[in-house]
Amino acid sequence: MSLPRGIRNNNPLNIRRSKDQWKGMSKTQNDRSFCQFETLEYGWRAAFYLLTRTYYHKYRLYTVRAIVSRWAPPSENNTEAYIANVSRLTGIAPDEPLGIPSEKPSRWMMLGLAMAIQENGTTSIDHFAMLRGWAMARGD
């Protein structure tokens, strides 16, 4: 059985390709839809950068519902099921504020992990790579 696409691409949240040139992107991008990273840590770094800097600070999205609704819009996903699953996995209610990333890092890491589980259909996620990616995102 092959690994899920997001794991094969070292892109646990399935970040779509765009004009953005993320740190750690693979030189060769063979996937037409999603970014490919050199390591899982770089994929996590990009994911946490998007969640904490772009979604939280730029778009002012503070809850599971607000973040997932933008990340996984109804035109492409069963957004309500995605929200419900992320809330169930994290224990954070859909409309409960996550808190400031620097003050509540564990809530943001849980959000990222739950989204990766939802995106990849597996709980077999490398938690240490996730933690290293968090540190990379927050240290930049």
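Of note:
- Relative to the Cα centre, the charge distribution of the range 35-101, modelled as +1 at Lys and Arg Cβ and -1 at Asp and Glu Cβ, gives a dipole magnitude of about 220 debye.
- Per the Kirkwood formula applied to alpha carbons, the chain shows a radius of gyration over Rh ratio, Rg over Rh, of 0.93.
- Gyration tensor (alpha-carbon) shape descriptor, the range 73-136, a/c threshold 1.5: oblate
- Solvent exposure, largest accessible area first (probe 1.4 Å, DNA, RNA and ligands not counted), of S2, S26: S2, S26
- Coil-residue chymotrypsin sites (Phe, Trp or Tyr not before Pro) of the range 49-78, DSSP, other Cβ within 10 Å capped at 16: Y59, Y62
- Of the accessible area of the range 1-106, computed with a 1.4 Å probe over protein heavy atoms only, carbon and sulfur atoms account for 49 percent.
- Ranking T52, T122 from most to least accessible surface, computed with a 1.4 Å probe over the protein chains only, gives T122, T52.
- Dipole magnitude for the chain: computed about the Cα centre from +1 point charges on Lys and Arg Cβ and -1 point charges on Asp and Glu Cβ, it is near 360 debye.
- Relative contact order [Cα under 8 Å, 6+ residues apart], the range 39-106, whole percent: 31
- Å² per residue, accessible surface of the chain at 1.4 Å: 53
- Rounded to 10°, Cα long-axis angle of helix 105-120 versus longest principal axis of the chain: 60
The values are calculated or read from the model by the stated rules, or taken from the named source; none is laboratory data. Quick caveat: nothing in here was measured; it's all calculated off a predicted structure. Reconstructed Cβ throughout: ideal geometry from the backbone, glycine too, with neighbour counts over all protein chains shown. With ligands, DNA and RNA removed, areas are computed over all heavy atoms of the protein, side chains included. Shrake-Rupley method; radii C 1.70, N 1.55, O 1.52, S 1.80 Å.
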